[in-house]
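Student: Structure provided below as structure tokens; questions to follow.
The values are calculated or read from the model by the stated rules, or taken from the named source; none is laboratory data. Keep in mind that what you see is a predicted model, and the values were worked out from it rather than measured. Cβ sites come from the backbone with ideal geometry, for glycine too, and all protein chains shown count toward neighbours.
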Amino acid sequence: MSATVTILRDDLEAVIGFLEGFDFDDDPNAELVREYLPRLRASLINEARDVQ
């Protein structure tokens, strides 16, 4: 279970990192995305702590 959680966490961190580097300037939801990604990262970190 722990290895699976680690893999999923690593995958999610990679996706979040990709999205943080993506250019959303032309997207009407750019501000929402910029606001949501840090929350998503923080939530992921908290979930990882809970599992460990």
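Student: If I filter the range 45-52 for residues that are modelled with pLDDT of 75 or more and surrounded by 13 or more Cβ atoms within 10 Å (Cβ to Cβ), do I get at least one hit?
Tutor: Within the range 45-52 (the criterion being modelled with pLDDT of 75 or more and surrounded by 13 or more Cβ atoms within 10 Å (Cβ to Cβ)), the answer is no, since none of the residues qualifies.
Residue-by-condition table, conditions (1) modelled with pLDDT of 80 or more; (2) within 11 Å of the chain's Cα centre (by Cα); (3) in a helix (DSSP H, G or I):
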position: A3; (1), (2), (3): no, no, yes
position: R9; (1), (2), (3): no, yes, yes
position: E20; (1), (2), (3): no, yes, yes
position: P28; (1), (2), (3): yes, no, no
position: L37; (1), (2), (3): yes, yes, yes
